[in-house]
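Report on the following structure.
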Amino acid sequence: MISHRGFAYFYCKQHLMISNNISLKIYNTFGLDYRTDCFISIKSENELLQALNTLPGVEKPILVLGGGSNLLFTEDFKGTVIHPDIGGIYIEENNRGHSIVSCGAGVHWDKLVEWSVEKGLGGLENLSYIPGTAGAAPLQNIGAYGVEVKDSVEKVRAVSISDGSIREFSNEECLFGYRDSIFKNKLKGKYAITKVFFRLQPHPVLATGYGSLREEMEKLGPPSLQTVRNAVINIRKAKLPDPEVIGNAGSFFKNPVVSLEKIEKLRQDFPGIPFYPDQSGGIKLAAGWLIEKCGWKGKRSGDAGVYEKQALVLVNYGGATGKEIYDLSEKIRLSVFVKFGVELVKEVEIIGPEG
């Protein structure tokens, strides 16, 4: 055992490292300084198997933590955090119709998108500049500008937390939904994703259905993968805070889906309410619009606040606690329900007490 700055590091012959009582501030984009009893950074699938099956001192419960871009800690984590830091992007299969690309779970998501655009492979360009890691993308089924990652996922490779068995989930087996997958519900906390395989297109059809995206692309030049990527980056930079500057986890709530009957009543009471059809057959509302109409945009309670340019984003101005951000989110949910009769569901996962 080697001690350094109050932390204990344990080395095995494969150089796997366990850290005790480590701060998670740099591992969550809210920048919250909560700690974990035990922290293991994993560089390969074999290291993950070793950590799960052979090493003593791994405390339960176990939390698999990638970039921490979609969660909110409300207290210290009493257990073990496993941080997949598995790299590598490879073309596994290439033919005239598609390319199968594998990506390690620890690769930063936007690095993968940048790589795919540079290679002329389409499918991910609309998902540019989304924070987080490749391993978290299918778990969350990230989406933007008319595209979801499920549209490009071929399969997901993962390791069982309970017994170390390896399984590959097909696209269908992932049970993708709106900001949802089998890894967020039925198998939540049961698997650690190690690699994701994508089916990308060498002759892509660009998805430019969103008006704001088309307008931005027109400023940048002829339509191309790079033009789409640049347009998305410009839009996101203009309306969303950089987590390196202001702590946040992007959209805090999902856009709610209501019935046809409900939207008719809402249109009568609020003629300007924006809405659009959902794949489920219901009607999807803009959560940010609902929150803004309740007067929350730009509001601040101590160092917890609602971003001034996008009401869907809650922020940490520096000294907020997770509990303060959570309490603010609950006040927002209540006000939206009282005004519109619509219940907002959190997109961000809460790690710790919610009451």
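Observations
- Options Leu285, Leu328, Leu260, Leu314: the member that is exposed (fewer than 13 other Cβ atoms within 10 Å of the Cβ) and hydrophobic (A, V, I, L, M, F, W, C): Leu260
- Spans of strands (runs of 3 or more DSSP E) in segment 1-110 with at least 1 residues basic (Lys, Arg) and at pLDDT below 95: 77-84
- Any pair with Cβ under 8 angstrom, 6 or more apart, that starts in segment 152-176 at a residue that is without any contact (Cβ under 8 Å) to a residue 12 or more places away in the chain and ends at one that is of a type outside the set (A, V, I, L, M) and surrounded by 21 or more Cβ atoms within 10 Å (Cβ to Cβ): Leu175/Ser181
- When Ile42 is tested against (1) more than 30 Å from Leu225 (Cβ to Cβ); (2) surrounded by fewer than 23 Cβ atoms within 10 Å (Cβ to Cβ), just one condition goes unmet, and that condition is (2).
- Every residue from segment 72-92 that is closer than 15 Å to His108 by Cα and not aliphatic (A, V, I, L, M): His83, Pro84, Asp85, Gly87, Gly88, Tyr90
- Arg229 being surrounded by fewer than 20 Cβ atoms within 10 Å (Cβ to Cβ), outside the structural domain of Glu347 (by TED's automatic domain parsing) and among the charged types (D, E, K, R): no
The values are calculated or read from the model by the stated rules, or taken from the named source; none is laboratory data. Keep in mind that what you see is a predicted model, and the values were worked out from it rather than measured. Don't worry about glycine lacking a Cβ; one is built from the backbone with ideal geometry, like all the others, and counts go over all protein chains shown.
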